Each structure stands twice: as C-alpha cells, then as structure tokens.
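Peer 1: Can you read through this structure? Questions will come right after.
The values are calculated or read from the model by the stated rules, or taken from the named source; none is laboratory data. Predicted model only: the values in this text are computed from it and were never measured. Here the Cβ positions follow ideal geometry from the backbone for every residue, glycine too, while neighbour counts run over all protein chains shown. Side chains are part of the model used for accessible areas, which takes the heavy atoms of the whole protein and leaves out ligands, DNA and RNA. Shrake-Rupley method; radii C 1.70, N 1.55, O 1.52, S 1.80 Å.
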Amino acid sequence: MNQPMKFSQLFMPTLREDPAEAEVVSHKLMVRAGLIRKLASGIYSWLPVGLRSLRKVENIIRDEMNRAGAQEILMPAVQPGDIWKESGRWTAYGKELLRFKDRHDHEYCLGPTHEEVVTDIMRREIRSYRDLPVNLYQIQQKFRDEIRPRFGVMRGREFGMKDAYSFDKDDPGAETSYRAMFQAYINIFKRCGLRFTPVEADSGSIGGSFSHEFMVLAETGEDAIVHCASCGYAANTEKAPFVCSAQTQAQDLDAPPYSKVLTPGMHTVEKATKFLNIEAREMLKTMIYKTDNGPVAVLILGDREVNAIKLKKVVGGESDPELAPPSMVQEVTGVPLGFIGPVGLNMPMLADIGVRALGRVATGGNEPEYHIINVVPGRDFSVTEYHDLSAARPGDLCPQCQGTLTIARGIEVGHVFKLGDKYSKAMGATFLNAEGKKDPIIMGCYGIGIGRTVAASIEQNHDESGIIWPMPLAPFEVTVLPLQAQDPEIMAAAEKLYQDLLGLGVEALLDDRDERAGIKFKDADLVGIPFRVSVSRKSLAAGQVEFKERRSSEVRMIPLAEAAQTLLGWRNDQLAQAKA
RNA sequence: CGGGGCGUAGCGCAGCCUGGUCAGCGCACCUGCCUUGGGCGCAGGGGGACGGAGGUUCAAAUCCUCUCGCCCCGACCA
C-alpha cells in the first residue's frame with residue numbers, strides 16, 4: 001500500500017469544474033478529484049487514488065472478517081442459470097438479473113449475489129454437523145441491472161461488494177454467527193470513520209430481529225429511516241412496524257345501517273373524502289394485490305400506504321406482491337379501480353391493524369360510481385385476518401418506547417440477514433446431525449457495498465473545497481508541498497521529509513510539480529489528504545515546516561528535524577481514535 | 001416502462017427558434033516572457049466539422065425521420 005508516489009508521476013486527473021452529469025456531492029467530488037471515471041451508465045473505473053481508498057475499505061473489512069472467524073474465498077462472477085433455477089430465483093429475481101447465453105446456448109447470468117454459488121459449494125462438501133459452523137466471504141464485483149443507476153458509484157450496476165455467508169447446524173448457532181457479523185460490521189464502519197446506525201430491517205419477529213441494515217446518515221441517502229429520539233430505536237421506513245396511535249375501538253354499534261352514496265368520478269381517496277367531507281383516515285381503501293398465492297384484497301386506512309414487504313411476509317411466496325393492474329382489478333372484483341369496497345367482496349381480505357381503530361368507516365361501494373358510508377367492520381363485512389401492513393411514517397409511535405418517530409435519510413452500506421434454510425432446502429445442502437439424521441444447513445448472509453461505503457464517507461466528509469478523508473480511508477495520509485519547487489534546497493528538504501515519512505510507514509505524497517503554491521493547495525484540498533506539510537523559503541529559514549490539517553484547517557509550524565516523527569504520531573493518534 | 005432534457009475541442013458551455021464567413025467562448029494543452037503562499041499576467045499557437053444514419057434544400061450544427069448514448073423525474077395507494 002505504501003508505494004512511493006510523486007505527484008508528477010501520479011495519474012490523478014483533477015477537474016476544475018463539476019461534471020455535468022453528477023447530482024450529489026460525492027459523485028461530483030469523486031470525478032473532480034480523479035478517483036473514478038464512467039465507462040457506461042452505472043459502470044465505473046477506479047483510478048489510482050480512488051482505488052487506494054477503496055482498498056483501504058476492503059482491508060478494514062478483511063481484517064474484521066478474518067478476526068470474526070470468516071475465511072476469504074473468491075467465487076465466479078458468471079454463474080450458470082441452473083443453480084438459479086434450483087433456488088427458484090431464475091424466475092423470481094426479475095430484470096435486475098442480467099441473463100445471457102453462451103455459444104452452446106446454455107443460460108448464464110452475471111452474479112448479482114452469490115447465495116446459489118456458495119450453497120452449491122457447501123452442499124458438495126459438508127457431510128456432518130462436525131463440519132459446521134463455517135463462514136465464508138468474498139470481495140468481488142457484482143452486477144445488478146438497476147432500473148435507474150444513480151449518484152455515481154452509489155447506485156451503480158456493477159459494484160464491489162463484500163458478501164459473507166454463514167453455515168450453522170441449528171438456529172442457536174446461526175444466531176451466534178449473526179451476532180458475530182453484527183459486531184464485525186460495527187467495528188468496520190467505526191474504523192471507516194463513518195457516522196452510522198444499525199437499523200432494524202425486519203418487523204421484529206419473536207426473539208429479536210435477524211435483519212439489520214447499516215445506514216450512514218446523509219441527506220442524499222436513498223432510504224428513509226424512522227428514528228426514535230427517546231430510545232434510539234431506528235428502522236427502515238419500509239420495514240418498521242406500525243404502531244397504531246389510536247386504541248382499538250369496539251364496533252360502533254350505534255352506527256346506522258350503511259348506505260350508498262353516488263360519487264361519480266371520485267376514484268381516489270382524496271376526491272372521495274373531500275366529497276363526503278370526512279378525513280382520509282375515516283375512509284377504508286381496498287387495494288387489490290397480485291401475489292404468488294393469488295389475488296388478495298388489502299384493507300387499509302385512507303391516509304396510509306401498504307408496505308409490500310410486510311404484505312409479502314403475510315401472504316408468502318417468492319416474488320414481491322404487486323399492485324394489480326386495472327384490467328385485473330376489474331376482472332377479479334367486477335368493479336373498476338377506485339370503487340372497490342370490502343362489503344360483498346368475495347376474495348381473501350387482509351386488513352391492516354389500523355382498521356381496527358375505527359368503529360365505522362366509509363369505503364368504496366363495490367359498484368361503479370358509488371361509495372358507502374357507515375360501514376362497521378365485523379358487522380358489515382369480515383376480514384380474513386388483521387396484520388401490520390402499512391408503512392411507518394414520521395409521527396407514528398415508537399414500537400419500543402411509545403415515543404414519537406422522526407424521519408431521516410440514510411445510505412445503506414451494509415446488510416446482515418439470517419437466511420435460515422431457504423437456499424439449503426431448495427438446493428439440498430444438508431448434513432447429518434448428532435442423531436444421524438439429515439438437516440438443512442442454517443444460513444446467514446452479510447453484505448457490504450464497498451464503493452458505496454467510499455461514496456458515503458465523502459457524502460459525510462467534505463466542504464466547499466473538496467473531500468475531507470478520515471485518516472483510515474485517506475488515499476494518502478500526508479502530502480508534502482515544496483512551495484518553490486525550483487529551489488533545490490527546498491526541494492531537497494521536502495524530498496527528505498517525504499522519504500523519512502515513507503520510511504516510518506506513513507503514506508506520503510510529494511507534490512514535486514513545478515506549479516504555483518495555489519495550485520498545489522487547491523489540489524491537496526480537493527483530494528482531501530488529511531495532513532498537509534508545506535516547505536517554503538520562509539519556513540525553511542526558521543528550520544520549520546508548516547503543518548495544516550485538512551479537517552480543522554488548523555495551521556501550526558513544526559521543526560523540520562522532528563517533522564516526520566511528529567506527523568507519524570499524529571497520524572497514529574487518528575488511526576487509533578477511529579478504532580476506539 | 002412513461003414523461004422531460006441533453007449530445008458542438010479533453011472538461012464546462014454558447015450557437016439551433018428566425019438554414020447562408022458559426023464553427024465560437026472559458027478552462028485545460030503547447031511555445032515564449034513574466035510571476036512565484038491559494039487555480040497569476042501578457043503574447044503567440046495546436047485541436048473539433050457539430051453522437052450516428054438517412055432525408056429536405058442551391059446550401060444543414062441549425063429543419064424532418066430514424067437510431068445510439070447520457071442525465072433527470074415518474075412508475076399506477078383504487
């Protein structure tokens with residue numbers, strides 16, 4: 001890693017202006033500072049300086065993964081379609097899976113993830129419970145044909161990822177593996193100098209959640225997370241349980257019989273509630289979803305949105321439930337979009353728990369151009385089951401402490417997930433337990449987006465002048481600037497300091513270009529090297545060099561003779577601090 | 001997949017509506033002088049034939065058609 005590097009030889013094409021195509025700071029700065037270049041939409045090359053930071057993230061990950069007992073492997077990027085058919089994902093995965101055929105017309109895909117491949121490895125080799133547990137990981141390029149690549153390396157199609165897979169003989173073992181990875185992730189992101197929070201990504205099943213996302217808090221994050229200030233609870237908005245703020249009410253037995261109201265053209269909650277002069281939450285909307293187990297009706301409060309992930313958990317199946325297209329709605333219910341209601345609807349009806357909080361509601365009339373009012377759940381229709389089906393949102397109650405949830409944005413840099421026996425069962429990865437009986441291996445998977453972690457770090461650490469690397473990710477730790485490069489004395493002093501730093505194991509960059517001081521300063525700021533040391537006529541006359549910290553802008557003079565040693569100490573302080 | 005925008009020199013852009021010395025500006029690059037602690041100044045210079053294909057026209061960067069690429073927004077909450 002500590003390759004000597006002089007600026008005059010370094011391939012680091014910096015740009016004075018923002019690239020036209022970049023939207024977010026990290027993308028702009030990564031291009032401007034010469035870390036990356038685009039080849040095609042969502043496909044990037046990493047140039048030397050960017051690669052150095054990328055490698056640092058990788059090495060921190062390796063270090064922590066190895067320490068947690070995982071072993072590194074490398075699996076193929078190209079995978080045969082067969083194993084995907086075995087797992088059932090050949091059809092379930094959707095368009096993000098880039099498929100193609102080889103010359104023999106055999107089907108292949110570019111791996112978006114590697115559950116199938118590792119499971120295949122393990123099913124061939126694992127015989128006995130004595131062979132378990134095992135945890136394997138790799139750092140490799142993945143390909144997902146994203147609908148809309150965005151934000152540079154943050155949501156690319158090809159991207160570097162660390163993925164680990166744990167194999168255990170039973171649930172307690174899998175839980176232990178999960179916890180070890182969870183802790184390793186905390187260590188990793190801490191060492192990367194990120195401000196992050198692990199977030200529950202599963203709607204808390206009994207015995208705790210076994211899916212967490214590691215979110216880096218940033219304005220430009222693509223994910224919304226809900227957060228409770230009072231107890232620290234955090235969860236992905238898509239997955240957070242919805243705690244109904246109102247108490248469950250008894251049926252409103254005083255309600256008059258329901259009655260039809262002509263509501264021509266009022267096919268949205270907004271229009272209908274306005275027309276009926278009621279609040280959106282007093283309206284029950286009926287959504288028809290297409291699921292692997294057939295169409296279902298989902299009943300939910302008018303001001304809420306269905307969370308497809310929660311729904312999937314209830315209905316089961318491989319693929320995500322999708323909202324039924326209008327034609328299908330008509331076909332299944334006999335009613336056009338916008339007027340469906342639970343009364344007289346003959347199909348499975350799942351209701352959100354929020355519905356229970358209402359004694360009487362208005363709903364679609366189940367007849368074109370009609371709504372009905374004074375509908376009492378339980379009296380006028382009965383639902384198949386009540387479930388938590390709506391997406392959480394700010395203002396909801398915290399599921400842990402009854403505090404109020406607020407919303408924040410985050411970048412998902414890591415995800416730990418207990419898979420259970422999904423793949424091992426489907427692909428026949430079994431072992432003989434102590435009783436000599438066959439059991440499926442219990443798996444877990446654990447991913448980290450590497451390039452995304454680099455981008456997230458920049459998103460969190462920058463100013464108007466450029467990147468501000470945290471020491472552990474910095475492509476170079478110190479840059480030495482001879483301000484008058486033509487002056488042999490200055491150049492010699494700078495060169496000596498540079499060599500001394502290298503000798504001490506400090507990653508130094510010597511800006512030996514014959515450029516004006518301003519240009520060197522600008523580039524140093526742009527690239528974000530944490531420590532800058534200037535050697536000039538003025539400073540040299542006093543036997544000193546000028547030190548400037550990128551982050552704090554703090555400037556101080558240090559004696560030239562002790563400079564290397566001093567910088568080493570400060571650098572070590574910062575590295576140690578990141579670990580603590 | 002739907003909507004919108006863009007493609008002119010390495011980068012950032014103007015020109016297009018109202019076809020005809022419009023191929024131009026800033027930065028970068030090259031040469032020389034100068035300057036030397038925050039992208040310095042002056043002078044000179046090289047580089048593109050306007051994403052691609054086809055068409056209209058006496059004439060096309062400019063108008064039309066197709067095509068490729070890139071970017072943004074949206075993707076059905078009944």
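Peer 1: With the dipole of chain A worked out from charges on the C-beta (+1 for Lys and Arg, -1 for Asp and Glu) around the Cα centre, which of A:Ser8, A:Pro348, A:Leu54 lies farthest toward the positive end?
Peer 2: My answer, from the dipole projection, is A:Ser8.
Peer 1: A further question on this structure: Which cross-chain or sequence-distant (5 or more) residues have an amide H under 5 Å from the amide H of A:Val545, H modelled 1.01 Å from N in plane?
Peer 2: A:Ile558, A:Leu560
Peer 1: Stretch A:Ile73-A:Arg537 to full length: gain in nm at 0.36 nm per residue minus the Cα-Cα span?
Peer 2: Between A:Ile73 and A:Arg537, full extension yields an extra 161.8 nm.
Peer 1: Please work out the Cα center distance from the stretch A:269-288 to the stretch A:62-131, rounded to the nearest Å.
Peer 2: Their Cα centres are 47 Å away from one another.
Peer 1: Which distance in nm do the two modelled labels at A:Ala517 and A:Arg148 give, with both placed 7 Å along the Cα-to-Cβ direction?
Peer 2: Those two pseudo-labels are separated by 4.8 nm.
Peer 1: What list of ³J(HN,Hα) values in whole Hz, one per residue of the stretch A:61-73 in order, does the Karplus curve 6.51 cos²θ - 1.76 cosθ + 1.60 (θ = phi - 60°) give from phi, with Gly and Pro shown as x?
Peer 2: 4, 4, 4, 6, 5, 4, 4, 7, x, 8, 10, 7, 9
Peer 1: Taking all protein chains as present, what is the carbon and sulfur share of the accessible area of chain A, in % to the nearest whole number, probe 1.4 Å?
Peer 2: Whole-percent figure for carbon plus sulfur exposure: 50.
Peer 1: From the square roots a ≥ b ≥ c of the eigenvalues of the alpha-carbon gyration tensor of the stretch A:476-580, which class results: rounded (a/c under 1.5), prolate (a/b over b/c), or oblate?
Peer 2: The shape class here is prolate.
Peer 1: So, with +1 on the Cβ of K and R and -1 on the Cβ of D and E, and no other charges, what is the size of the charge dipole of chain A about its Cα centre, to the nearest 20 debye?
Peer 2: So the dipole magnitude of chain A works out to roughly 640 debye.
Peer 1: Would you work out the Kirkwood radius for chain A? I mean one over the mean of 1/r across all pairs of different Cα atoms, in Å.
Peer 2: In chain A this quantity evaluates to 27.4 Å.
Peer 1: In Å, the Kirkwood hydrodynamic radius of the stretch A:109-180 over pairs of distinct alpha carbons?
Peer 2: 14.1
Peer 1: Based on alpha-carbon centroids, what's the gap between the stretch A:151-201 and the stretch A:493-533 in Å, whole number please?
Peer 2: Taking the Cα centre of the stretch A:493-533 as reference, the centre of the stretch A:151-201 is 35 Å away.
Peer 1: Need one number: the % of Cα-Cα pairs in the stretch A:439-496 sitting beyond the 19 Å mark.
Peer 2: Across the stretch A:439-496, Cα pairs with separations above 19 Å total 59 percent.
Peer 1: What whole-number distance in Å separates the alpha-carbon centres of the stretch A:415-443 and the stretch A:18-34?
Peer 2: Between the Cα centres of the stretch A:415-443 and the stretch A:18-34 lies a distance of 45 Å.
Peer 1: Treating the beta-carbon of each Lys and Arg as +1 and of each Asp and Glu as -1, no other charges, what is the dipole magnitude of the stretch A:265-402 about its Cα centre, to the nearest 20 debye?
Peer 2: Once rounded to the nearest 20, the dipole reads 280 debye.
Peer 1: Suppose a student asked you for the relative contact order of chain A, using Cα pairs under 8 Å spaced at least 6 residues apart; what percent would you report?
Peer 2: Across chain A, relative contact order equals 17 percent.
Peer 1: I would also like to ask the following. In Å², what does the accessible area per residue of chain A work out to with a 1.4 Å probe?
Peer 2: Averaged over the residues of chain A, the accessible area is 45 Å².
Peer 1: Lysines near A:Lys520 by alpha-carbon distance under 27 Å, same-chain residues fewer than 8 away left out - which ones?
Peer 2: Within the straight-line cut-off, A:Lys520 pairs with A:Lys6, A:Lys28, A:Lys38, A:Lys56, A:Lys496, A:Lys538, A:Lys548.
Peer 1: Using only the Cα atoms of the stretch A:273-396, build the gyration tensor, take square roots of its eigenvalues as a ≥ b ≥ c, and label the shape rounded, prolate or oblate: rounded if a/c is under 1.5, else prolate if a/b is larger than b/c, else oblate.
Peer 2: Judged from the Cα gyration tensor, the stretch A:273-396 comes out oblate (a/c at least 1.5, b/c at or above a/b).
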